Structures are given as structure tokens and as C-alpha cells.
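Enquirer: What follows is a single structure, and I will ask about it in a moment.
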Amino acid sequence: MGDVCSLDSSLNFANRQGSARNITVKVQFMNGEDPSNAMPVIFGKSSCAEYSKEAYTAVVYHNRSPDLHDEVKIKLPASLTDHHHILFTFYHVSCQQKQNTPLETPVGYTWIPMLQNGRLRTGHFCLPVSLEKPPQSYSVLSPDVPLPGMKWVDNHRGVFNVEVVAASTIHTQDQYLDKFFALVHALDEHMFPVRIGDMRIMENNLEAELKSSIAALNSSQLEPVVHFLHLLLDKLVLLMVRPPVIAGQIVNLGQASFEVMASIVNRLHKYLDTSQDMHGRNSLLSSYIHYVFRLPNVDPNSPSPGPGGLGGSVHYATMARSAVRPASLNLNRSRSLSNSNPDISGTPTSPDDEVRSIIGSKGLDRSNSWVDTMGCKSAPWGTSPGSTSDAKQAMERSGNRMSSHTESASFLQTLTGRLPTKKLFHEELALQWVVSSGCVREGALQQAWFFFELMVKSIIHHLYFTDRLESPRRHRFPERFMDDITALVSTIAGDIISRFQKDLELVERLNTSLAFFLNDLLSVMDRGFVFTLIKTYWKQVSTKLFALQNPTLESLRLDFLRIICSHEHYVTLNLPFSLLTPPASPSPSVSSATSQSSGFSTHVQDQKIANMFELSVPFREQHYLAGLVLTELAVILDPEADGSVPWMFGLHKKVISVVHNLLSSHDSDPRYADPEVKARVALLYLPLIGIVMETLPQLHDFTESHNQWGRPGTEEQEAEGMISQTVAMAIAGTSVPQMSRPSSFLLNPQATRQHGSFSAESSRSLLICLLWVLKNADEMVLQKWFTDLSVSQLNRLLDLLYLCVSCFEYKGKKAFERMNSLTFKKSKDMKAKLEEAILGSIGARQEMVRRSRGQLERSPSGSAFGSQENLRWRKDMTHWRQTSEKMDKTRAELEHEAIIDGNLATEANLIILDTLEIIVQTVSVTESKESILGGVLKVLLHSMACNQSALYLQHCFATQRALVSKFPELLFEEETEQCADLCLRLLRNCSSSISTIRAHASASLYLLMRQNFEIGNNFARVKMQVTMSLSSLVGTSQNFNEDFLRRSLKTILTYAEEDLELRETTFPDQVQDLVFNLHMILSDTVKMKEHQEDPEMLIDLMFRIAKGYQTSPDLRLTWLQNMAGKHSERNNHAEAAQCLVHSAALVAEYLSMLEDRKYLPVGCVTFQNISSNVLEESAVSDDVVSPDEEGICSGKYFTEAGLVGLLEQAAASFSMAGMYEAVNEVYKVLIPVHEANRDAKKLATIHGKLQEAFGKIVHQDGKRMFGTYFRVGFYGSKLGDLDEQEYVYKEPAITKLAEISHRLEGFYGERFGEDQVEVIKDSNPVDKCKLDPNKAFIQITYVEPYFDTYEMKDRITYFDKNYNLRRFVYCTPFTLDGRAHGDLHEQYKRKTILTTSHAFPYIKTRINIIHKEEIISTPIEVAIEDMQKKTQELAFATHQDPSDAKMLQMVLQGSVGTTVNQGPLEVAQVFLSEIPSDPKLYRHHNKLRLCFKDFTKRCEDALRKNKSLIGPDQKEYQRELERNYHRLKEALQPLINRKIPQLYKPVLQVNYHRDSFSRVSLRKLDL
């Protein structure tokens, strides 16, 4: 930038004689004293030329002391001399021009010299003005100097005020900076004495001045420091590297320079805290390091500008530590130099050496111009040179390290003033830093990054310019520099651990800076040396951690490790050789030497394999960094650690992400794209597999999302163990085969989790890392390792794979949309998600190419990702910009995410499948294969059960077929449950809409049957399992496609027909039977589909199917459970409980055939008390299968534990239904089982639940409600199967007639059309002939349970009266002439008693009516019933406890109130006023009379009771009631007292003549 001066002024000419009123000032910038020396550097006004030679101020009229507000801008020349000055000429301007007088008259002159002692003059000036032209050579003086023989305005006082402001990038305008730069310049130019201001500094006191000027830099203003920062730092670096020679002495300014550097850097950070990057680095300083900093460097061709100055040629250190030190140089070295004491002297080299070294430096271009002359401390001194050229090189390059002043000044004179010492900046910097202390050291620590980066840049420049980048690293640096670095790292590590609690922010910065520094050193220094530095740090932190377990410190160490491991050659640094026997390690460790000599015995080989998979000493020695990373992972995730674990807990995510990021970067690194190379990289992470296996119990349980009931949470559920779990699933509508999903994926479901588990995100990342290693590791190595693993370890690995399947299951787009709407995940999570996804899908293509088992070639289309594989690394393409923290994702993003997720799912599952194959190959030759293969099968089936891509399923089926054909006995003899599961999975895929999947599934299913047949000429097991699977599929699956399944069945039939080998056997026929049977089930299910919305019809169909399976207990059980599930969904808990009781009875029936145990129920009979319907489960028909037969009763329920589980669930459902008495009955069956097993815990639980149940019975007395019952009749051919069917429906308690009527009318109206359905409003018998044949009619009547008198003595409680109900009654009033209602004497009533086929509650909510009987009551019988009912009401209201006055008064009002028509009095008058003529009615007459007698008695009791209850305000009301009562009593008196005499005659004629032969028969006398 050109420098600019601006002027602002005022003037006082008041005391000047003569006319000086209208004053203007001419301003000129002069480079000499002649008027022609005016320079065209004044910026012109807007309409003038760009630059002019002069500028005038505005005139203030008639003012002798005007204030001038003109600003004049001057462009300063780059190089100013003492002659440059600004000249001001003052003019008087004539306003009225007279003749011969000029317009302007000069009235004064003054000037400002621009330079004073080399400094630019700026600021306020108050200048005297001379009346005459200044004399010769005035420009070097200031006008303040009284020049002889000159006249001045106002006696040489200052009358002209002017301000000069400079905007300059050349002149610092800061005295401290100026002084420093002047002194340094003087040294450079070797010009003494130096003038600074008024001071003249001689050479002898230059040293002190220089030191003080360096110290004074701290006082300079910040703005000029910022402006001149780069220059300032360059000069300080120069002073450090090349100490000046002053008066024959070398002055060591390293320490002073380092101190001031540290303080400047800190000032900048403190005040410019806004301009920092993400690492907290000041942008000015980082740009200085990046763009400006170079080692002080001069072209070697040009001679030194001055003797002893700083400008001589600069030498850089060489890369090699010279192994040979020439003897001639040893003579010069009078004393060995210390690397930490700057005051110990050495001897400078001779000029000849120096000249030779300059010529010997390889090129004469700038880049190579500096050659170091540095000795090496460690070199053996007397060694003979290995070769002449070596010796020569060493001679050229060797020198010594000079620090303070030399021993003899006289010797210096022979050096012609040349600079004796050329230090290397990085070495000097390291030295100064190590020896610094106090606030200097603190300052350096605060901004350690700056010094570290400077050091690294210096090292790299030095290596580059001396062409040493090719030389061996071990010889690049002198040992004392290495010592300094070691000391530095060690002390900084000490600072980190001692201060992290007090000053965390500083320590975090320091830790990061140190890590980046070591990362950089790995690129330039000997790696072994840098590893020792890392080890130093590590040891110090570990020691501290051991003493003080602190997550912050651990977190710092993780950050450190993460940065170190981000090195571009991280993989190479880890020496990734295939076995732990590298081909001569570049830095041979003890271990690698021993392992190489160990020969090839197999035992050693095994040990080596084991070492590769464990964090063994050899592993950690060879793969140093990877060893550190994995050790950290193991320590932080270790579940077995002692109490120290909880403090580690927050670090899980951090350490997992370190590993995850490392693997992500390897995966996307084009250098490692080749599979063989990737395998080598994966070797570094083999111990990860073991570490993740150890953490299995802590991982997030992704399988939980699969079983609706989740894990047993409460104690009682836990007590029920796994069965309750699976029963629960059954209720939820999943099938028996599906049950084989373990309640937890752990080997031992009871294993409690220590310290809670990891988050889902961390677990997912960890599993991704595991899969990456499994995918890329060498198969042979894995196989060898699997061979060494124990059965339990292999099973643990399988559990881990099982978990992976659940973790990476494809959730589908809907799930993403749901997530998107529920949670606005921050973009950070998105980034992690993307990385995970990419990590998997990148390899998908090679994966596909690699696998082509059988005839299956994988099509690349499997990777829907296409060209976007490297999405994460091509930032321009990424759909999710990291910055945009958008809340909602666009449709495209969601689609994209779903694609990624799908690819990841496929990739993950293919890796799992590969691993399973390796495991199978490994164990197929060992003895323990059964237990392992079962686990393999479990994982395989689990993966089939999850959402999978077509690509994966094809391979999965191929593997499954291979497994079954290799080990058929596994499936048909040991893992029978797995067989059931497999059948279900295959059938489900047989109904897939994708033809290739159908083809594979059909082939697998057919081969399964065939294999089973070949084992025993019968495939009963598969047959039954397939039938069961189909049933459960039908019962549970919503999106099940019957048409596709039929096609698959046809394929299977075709296979059977064309199978030449088995054509002669019964196999094809058996297949045909099976397929036929399956078609039948399908047809039933189609009906079920139709009736999906009609819950009653649906349950009826399921009931029918279950009945069809009466001979196949397993299938009946499945369907009973499906029904239980449906009932639970609709909250029909009583019915669900009944289904479970029926299931338990069925199991009991078959168990009693299998084993005779006294404490087990003997069969259905035991369950009679729970429900009378249970007997239908008894296995007594002819075609009952024996449970011993192959494949029958093989489900897990046909065991004692299964039975217990079913009963527990039944009890739970009864409890939910509020039927606590039934709970008791269920437990009566259960208690003996637990007693026999001495299971006190379960018994305690049961008795606790019983106590709860009975407590509720007491507590809820009078408040319990069970169900409401309706008779529903269906009429009309439109209704199909339902036509002329009558049912009793059980509806929830307090359902009104209108509700059920509305529900059924609405439902059937929707089905047939609203105008096609009609509800018959009365309950009279329906005559179908009178109904419209084109309509559907429904008749609904409210019914009540009906009990005979003898039953009432057993049915005492509310529960008794509402349980095991088979008979119901409803009444219809009628008169003989057809009307419903008439007068009292003609009112008849029809009672209809219905009997159902089963008792309520049953496994259905509607039961067929099988019997109907009608009883007709005559008018007098109707009257008797009414009176009895009224009397009961009165009695109830009177004896109610607590009393209810309102209720009592209501009943009384209805009984004795006069206004009631058809009231008691009228009834009495109609029926009792005269004795009936028909003797048959005598008894009724008498019964009614007695009813009235009882009635009046009850009224009296009620009145008495009411009297005791009312307050004074109701006395009148009471009297009124009493009056009414007496009136009623009087009216009834004659009617009640009239007896029918005939009734009181003897009934029998007494015959006293007894004849033994002729007995008079007892009979009623006809009177």
C-alpha cells in the first residue's frame, strides 16, 4: 500500500504587520529546495487531474487568524530522504484587484521535514512562519531552529497549527518498533553510530540498547504490531538464528527474542479473539506460518553486505547426523557444547571451511543456498570415515553450535567480521522453549500451537532446501535437538496432567497442539523416536489416570490419540504385515526378532494367530498406534472392570467414534481400495472382534423391537422366565414357530447388564466397525482363529451377529418419514448416519463381484447407490450440507436416506452371511459342531425374519439349502424348533410378490421336504410344521398374498412330479396331500380375510379351523393362541383367558399321556372348575395321535414349563377381566406344580397375587360388572351362513340395546347396503314367510341369565350369577287378541328360556342357541310376579345398609301413593274381589292374597323406617304417606281376609280299613 499523509490546520496572523487578511495556504511536497522539486503527489480534486504538484486552501474573507478545514492527501514516495519536506507558502489574496498589484502576495513560509532521524514525522505541529524565503539547505532543518538573519512572524512563535496523519505500511509510527527496526537495520548495514531521536548509539553500547529495545517491544501499540507483524517476527527469527557480532563479541539474543515472541503472540490472541479458526488459532499468526515464514535466506552468490552483519549467507542444518567427525574439526572444539545452557561457548569454524561448505552446497540456486555446519553429539569421535565421499560430506557439513560469545576476541579478527554461528531456527526454538521458565514459559504454553507449527515448518524447509528429504530419517537431526524435543514433550505432558483440573481450556488447547505437533513429526522425524515421544506422553497420563480416575483426562488422551491417528500414513506406521513376523521390521523390536527366530512349529503358528486377535504384547509392539486405539477401546468398554467403570461411562461414544472414523477413512481411501490391501488394513483391527464380543451384554438390545412384550421387566415376569415371554407373543398374535426368537439375544437371558447399556447410536457404530473388520479381514486368518475359539466364544460371536441383523434391519421409508416428523435430528446425527451408511455400501459392489455362489451372479443393480458411492467424500455432491441444520428433510432426502439404509442393510447382512459360512466351514470338522450350527441356523432364520432385500435373500436361501443338505440331522433331530421357524420363513417368502424370491423359497421348501423324507420315508415333521406355519401366517400376517402362495405351491407340486429319483415312492402323493390341505386352509383364510372387519364372524372361522385341527394338537394350540391374540386386541380378556385355559387343558391332556406325574393335572378334568367347556379338549376320539409319534406335540408348550406359562398368562388375563375367583381356580392347578418343584419364589409370587385377587373381591363388592347378553337372530338368504341362526352375544357391561342394535345395523348395512338391512323391533317369534326375501333382518333382544330355583342355592355371589352361564331368559307381554298390552285381567306374558351350546364366558363372544322353551303366564300369575317383585323392592329398600331415604321414599310412593293406576289396590280389586270360578285358579288366588298380606306388612316396616330417617321438614310428607297407607290397608282388609273355604278341607280321604292287598291309591279328591 502506498503511504498517505493528510493535513488539517489553523493559522494566526493577527500580530503580523501589513495586509494579510484574505489568507490562503499553498501546500507542496518537495524532494529538494528548488521550486522545480515540487512532486506531483497531491491527490487531485474530483474534476481535476489525478495528481497535482500543489494544493490551495479555501480563503476565509477578512480573517487574520482563520481556521482552515482543508484536507490535503499526499502520496508519499516509497523511499524518503532527508530532503523530502512539505512546504507551506502563505498568500494574501486581493479581493479588489488594483492595477499592477498581483492577485496573490506571498506573506510567509514554513515547512515540515518528512524524516527526522529516519522516522516519519506525524502528529500536531505548531510552526513558526518566516516572512522571507527560506535559505539554502533549509529542508534538512526544522523551522523551529532559529536560522540566522531570518525574519519571523510574531517573533519566531508558533503561529501555524497543522496536523499530519499518515496511513503507511512502510513507516511504523511507533517509537518502540522504530527503535527496534533501526537497530536491526544498523546491524545489517553495519553503520555506527546509530542515531535514534536525539540519541547516538555507539557500537559499544549497542548490545544493551538492542536488548532493551527487544524487551520494549512489549510496550508498543497493538495496531502497528499487527501491521508490521510479519516483518517483526522475521527480524526476531533472524536474531535468534544468527546472533550478531557486536564489538567483536557474539551477542546471544535467542532468549530475549523468544520471550518477546511469546508475549506478542499472546497479546494478539488476547485482543484479536474474534479472528480465530476452529482450533483457536489466530488467523494472522497462522497465515504468517503458512505463507510468510521462511528460514532467513540469501542468495549465496551475493557477498555479504557488510562485515559481521546479519546479511551473510545463512546455513541450514543437514538432514543426516554425520557419523564421522573429521579430526581437524575436533581440534577446534575446545569444549563440548551443552544443549541446554546457552552460555557455554564453542569455537567458530575457519573461513575456509565456510567457503568450502558454500561451494559444496549442491546447487547455487536460492533453495539450496544454506548448508548447516552442525556437529553431532552422539557420533563416535575417532571413527574412520566409511568412504571418502562420506568423509568429505561430513567435513563440508559439520560445524558446531555457537551460543554466546567466543573465547578469544583476537581469533575473531581473523574472521574478517564474518558471522561465526549459523543456528537452525527449530533447534534454537526448541532449546529456548526447554530452558524457558516463569511467565515466558507460560506464554509459550498458552499458544503452544504457534511455536510447534513454526518448528515444524522450519524443520521441513531445512530438509527441503538441503536436499535431505531423501536421506535416512535417523540421521537427519543432531541428537541434542532430539533431546530438546523429548524434554519439551515430556514437560508439556507433565503440564497437561498437573493442570487439567485447574485450567481445562488451556490444557485442551495444549493437548491438541501437542498431538498435531507429533502428528507432523511423524512425517519428518524418525518414527521410532516419535513413538517414544507418544509413549512418554502415554505413560505420564496413564500413571496419573491410575492414581486419579478422571474422565476428563481420559477424554484428553482420546483427543490426543484421535489426532495422532489422523496421520495420512497411519496404516503404514502400523506396519500391517500379514502375520506378526514382519519381513525385517524397519525398527526391529525385541519381539519381532524373537518371533522371526521361532521357526514354523504349528503351536507357534497357533499362538501367532491368537496374538493377532488379542491385544497381545507382540501385537501392540508391531501395530503401535492401532494397539493404542484398541487398548483404549477395550479399557473404556470393559464390562468386567472394577468400580472404576462408571466414570468411564460418558466416554463410550467418544472412543467408539474414534475407531469408527478411522475405519471410515480407511474405507474411503483409494490407496486401500484393493481387497488384498484392505485385508492387511483389517489385520490391524482384528482384536476389535474380541473386544466387541466382550461388550455384548452392554450393547443396546436391538432385538427388543421385535417382540412386542419386550424383556421381562418386573420380578414376577422375570420369574416366569422365557415362556411367559413367548406366550405373550402368542397372545399378541404371533405364531408358535416365531416363538423361537429368544426373549433376549444373550446366551444367558438372566445375565444382568452391568452399569446399563450403551446408547443405540454407539452400539450401532461399534457393530458397523465389527462388520467392517469381518468383511475385510482375510478369510483364512479368520478361519484359523475360529478354530481356536471355544464353543461359548463362538456362540457369543453368533449372538453378536444375531444382534447385528436386528440392528441393521431395513426400516423402510415410512419409518424415516415417521422419524422425520417426530424428531428433528440435528445435522450432526445425519452426518454420522451417512458415514455409517457409506461405510457399508461402498464395498457392496466388490462384495457382489466376489460372491457368485452356484449359478447366481450378483447383479450390480443390487447396489441402488450407483455412482454415488463416495458421497461422503465428494462434498460438492452431498445432499446434506453439514451447515444446513434444516429441521425437516425434503422428500428427496428421505428417499435418499432410505436407499442408503437399504444398501447398508443388504451389505451388513451379506457380511454376516459370509461370516456364518466361514464359521460353518470351520466347525464342520470339529466335534462341537452341533451347538454351533444351531446358533448359525438361528442367526440365519433371524435374518430371514427381518426385512431383507431380494439380493440378500437369494444368497441366504442358497446358504440355508447348503446347510440343510450338509447337516440334515441338525434340523430334524436336534433343532426341531428351528425347523418350525424355517418352515414359517420359507412359507412367508413363498407368498412374496417378487418372483425370484418365490422361486428360491419354493426350492428351499421342496428340498426341505425331500430331505426329511429321505431320512425316514415320511416327512411328517415338515408336513406338520408347514401346516402350522401356514396357519400362523394366515392368523397373523396382514400383508399376506394368497395368490402368490398358491403359485408357489404349484411350483412345489411340479418339482415333486418331475423328481425322477423319488417317483416310485409315496413322496409325490404325500406332497400332493399336503398341498391340497394347504389349499383348504387358504380357502378358509380367504373367508377370514372377507370377515376381517366382523370380529364375531372372524372368531367363528378361527374357531372352526381350530376345531378342524382337533386331531393335531400343535395346530389346535396355534389357533387357540391366535384367537387369544385377537381377543386381547379387542380387550375381551375373559375370552382370551378361556382360550389360554383351553390351550393349557389341551397340553395337560397330552402331557398326561407322555409322563405320569402326580402333581401335574390329569387332563381336562382338572380344569372343570375353571370352565365347564374345557372337556371338549379331551383326547378321546379314535383319530387322536399319540404324542410319542414323530413331530407331534413337539412345540415348546408341550412341556411342564409350557403348561405353567399358559396358566400364568390365563391367570393374568382373568385378573384383567376382573374375574378374580377364576384366578384362584387357575392357581389351584398351578400351586401343586410349584410345590413339587420346591419353587418358593414362584409360590410367594402366586400367593401375593392371590392376596391381591381376594382383596379386590372384597374391595369391589357390589361394584363389579361382567357382561350384558343379547339374543340376536339373523333372517334372510342375503346373510349366507348366518341365515336363520340365533346366537347369544356377550357384550361389555352396561351395553344398551340401542348400542348393539346400532353397531350391527351399521356393520351389516355397510356390507349389504343400508336399505337392505332391517332390525325387527319386537321380540315375538319371527315368521320368515312374511319377511321380504331381498332383505336381511336382524332381531335383537336383551336377555338375562336364567337359573332354576335349585340352582340359586349354589349361585350366591355376583360372580356365581355371571359365570358358567348357559341359560338365558327374556319375557314378551301379550294379550289373547294379539295386542302386546291390555288391562290387568287380560295381560299374559311369554317367558322364553334359551340354552346355548357352551357356557359363557367361552373362547367366543357369541354362542349358538341349541334349545328354546317357552312358559306362558296367565294374568293372575303375572300379577303375583309383579307383587312379589314390589315386595322384594320394599324389603330391600328397608333393610339397605347404609340406609337410603330417597330410595325408600321412591319405593313407598310407588306402593302406597294414591295416584298410581294399576297400582296394588287395583290389582287386588281385579283379582281378589271375588273367588274365581275355576278351581285351578284357587291356589293362584290364595298366593296373591298372601302376597298382599306380606306387602302390607312390608309397607308398614318401610314407613316406620322412613319416620326414623326424615327431618322435621318432611313430617307432613310422612303423615301424608301414613294416611295413604291406612287408606290402602282399609281397602285391602276385606280382600285379604277372604279365604277360599275349599282350600282348607282335608286333601286325603282317610281310610281306616287297611287291607294288605288292596291299597287305595293316593289321589287328589275331586270336590
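Enquirer: Using a cut-off of under 15 Å, list every residue of segment 1137-1151 whose amide N is near the label point 7 Å from the Cα of residue 1264 along the Cα-to-beta-carbon line.
Expert: none
Enquirer: With labels modelled as points extended 7 Å from the Cα through the Cβ direction, what inter-label distance (nm, one decimal) is found for residue 890 paired with residue 1435?
Expert: So the label points at residue 890 and residue 1435 sit 8.4 nm apart.
Enquirer: Could you list, in their original order, any pairs among 1321/1446; 26/73; 26/133; 678/966; 1158/1196 whose Cα atoms are separated by more than 23 Å?
Expert: Working: 1321/1446 35 Å; 26/73 13 Å; 26/133 14 Å; 678/966 32 Å; 1158/1196 21 Å.
From the list (1321/1446; 26/73; 26/133; 678/966; 1158/1196), the Cα-Cα distance tops 23 Å for 1321/1446; 678/966.
Enquirer: I need the calculated FRET efficiency for the pair residue 491 and residue 549, taking r as the beta carbon distance and R₀ as 30 Å, to the nearest 0.05.
Expert: Details: r = 24 Å, r/R0 = 0.80.
After rounding, the FRET efficiency stands at 0.80.
Enquirer: Can you tell me how much longer the chain between residue 1231 and residue 185 gets when fully stretched, taken as 0.36 nm per residue apart minus their C-alpha distance, in nm with one decimal?
Expert: On the way: separation 1046, 0.36 × 1046 = 376.56 nm, distance 10.48 nm.
Contour length minus the Cα-Cα distance gives 366.1 nm.
Enquirer: Separate question: With a/c under 1.5 counting as rounded, go ahead and sort segment 59-98 into rounded, prolate or oblate using the C-alpha gyration tensor (a ≥ b ≥ c being the square roots of the eigenvalues; past the cut-off, prolate if a/b is larger than b/c, else oblate).
Expert: Values: a/c = 3.37, a/b = 2.41, b/c = 1.40.
Judged from the Cα gyration tensor, segment 59-98 comes out prolate (a/c at least 1.5, a/b above b/c).
Enquirer: Using a 1.4 Å probe on the protein heavy atoms only, what accessible surface does residue 281 show? Give it in Å² to the nearest 10.
Expert: Using a 1.4 Å probe on the heavy atoms, I get roughly 60 Å².
Enquirer: At q = 0.15 Å⁻¹, what log₁₀ I(q)/I(0) does a Debye calculation on the Cα points of segment 1227-1288 give, no solvent, two decimals?
Expert: -0.66
Enquirer: Next question, about the same structure. Summing +1 for each Lys or Arg and -1 for each Asp or Glu, what net charge is found among the other residues whose Cβ lies under 10 Å from the Cβ of residue 1141? Could you put the intermediate results ahead of the total?
Expert: On the way: positive: none; negative: 1177, 1225.
Neighbour charge sum, excluding residue 1141 itself: -2.
Enquirer: Taking R0 as 60 Å, what FRET efficiency do you get between residue 10 and residue 523 from their Cβ-Cβ distance, rounded to the nearest 0.05? Each step should come with its number before you reach the end.
Expert: Details: r = 64 Å, r/R0 = 1.06.
The formula returns an efficiency of 0.40 here.
Enquirer: May I pose another question? For a paramagnetic label modelled at 7 Å from the Cα of residue 1380 toward its Cβ, which residues of segment 1323-1345 fall within the zone defined by backbone nitrogen distances under 13 Å?
Expert: Residues passing the 13 Å test: 1323-1325, 1340-1342.
Enquirer: Pull out the extension gain between residue 52 and residue 1450, defined as 0.36 nm times the separation in residues minus the alpha carbon to alpha carbon distance; nm, one decimal. Kindly include the intermediate steps, with their values, before the conclusion.
Expert: Numbers: separation 1398, 0.36 × 1398 = 503.28 nm, distance 12.08 nm.
Roughly 491.2 nm would be gained on extension.
Enquirer: Right, something else. Between residue 1490 and residue 105, how many nm apart are label points set 7 Å from Cα along the C-beta direction?
Expert: Spacing of the two 7 Å Cα→Cβ label points: 16.0 nm.
Enquirer: What shape does segment 1006-1158 take by its C-alpha gyration tensor, where a ≥ b ≥ c are the square roots of the eigenvalues and a/c under 1.5 counts as rounded, a/b above b/c as prolate, and the rest as oblate?
Expert: Details: a/c = 3.19, a/b = 1.40, b/c = 2.28.
Because a/c hits 1.5 or more and a/b fails to exceed b/c, segment 1006-1158 counts as oblate.
Enquirer: Can I ask one more? Once you place label points 7 Å from the Cα toward the Cβ at residue 1079 and residue 274, how far apart are they in nm?
Expert: Those two pseudo-labels are separated by 8.5 nm.
Enquirer: While we're on this one: Heavy atoms only, probe 1.4 angstrom, no DNA, RNA or ligands counted: give me 95, 946 ranked by accessible area, highest first.
Expert: Values: 95 80, 946 10 Å².
Sorted descending by solvent-accessible area, the residues read 95, 946.
Enquirer: Work out, step by step, the length gained on full extension between residue 1342 and residue 973: first 0.36 nm times the residue separation, then minus their alpha carbon distance; give nm to one decimal. Walk me through the numbers before you get to the answer.
Expert: On the way: separation 369, 0.36 × 369 = 132.84 nm, distance 5.60 nm.
Contour length minus the Cα-Cα distance gives 127.2 nm.
Enquirer: Please calculate the 1.4 Å probe accessible area of residue 1497, with all protein chains present, and give it to the nearest 10 Å².
Expert: About 110 Å², rounded to the nearest 10.
Enquirer: Now, a different point. Sequence neighbours fewer than 8 away in the same chain don't count; with that in mind, list the lysines whose C-alpha is under 18 Å from residue 544.
Expert: Counting by Cα, and skipping residues close in sequence, residue 544 has these lysines nearby: 502, 535.
Enquirer: Sticking with this one: Report residue 1305's accessible area, 1.4 Å probe, all protein chains in place, as a number in Å² to the nearest 10.
Expert: Here the residue's solvent-accessible area equals roughly 80 Å².
Enquirer: Let's test the formula: R0 of 35 Å, r as the Cβ-Cβ distance of residue 1357 and residue 1241. What FRET efficiency results, to the nearest 0.05? Intermediate results must be reported in sequence, preceding the final value.
Expert: On the way: r = 32 Å, r/R0 = 0.92.
My answer for the efficiency is 0.65.
Enquirer: Which order do 1447, 525, 1265 take by accessible area at a 1.4 Å probe, largest first?
Expert: Working: 1447 65, 525 0, 1265 110 Å².
Output order, biggest surface exposure first: 1265, 1447, 525.
Enquirer: Need the list of lysines near residue 211 for cross-linking: C-alpha distance under 22 angstrom, and skip anything on the same chain fewer than eight residues off.
Expert: Reachable lysines: 179, 235, 422, 423.
Enquirer: I've got another one for you. Pairs of lysine in segment 1352-1423 with Cα under 20 Å and at least 8 positions apart or on different chains: total? Can you show the working numbers first?
Expert: On the way: 1353/1361; 1361/1391; 1361/1404; 1389/1412; 1391/1412.
The result is 5.
Enquirer: To continue, here is another question. May I ask you to rank 529, 1274 by accessible area, largest first, using a 1.4 Å probe over the protein chains only?
Expert: Values: 529 25, 1274 0 Å².
From most accessible down to least: 529, 1274.
The values are calculated or read from the model by the stated rules, or taken from the named source; none is laboratory data. What you see is a predicted model; the values in this text were computed from it and never measured. Reconstructed Cβ throughout: ideal geometry from the backbone, glycine too, with neighbour counts over all protein chains shown. Surface accessibility is based on the protein's heavy atoms, side chains included, excluding ligands, DNA and RNA. Shrake-Rupley method; radii C 1.70, N 1.55, O 1.52, S 1.80 Å.
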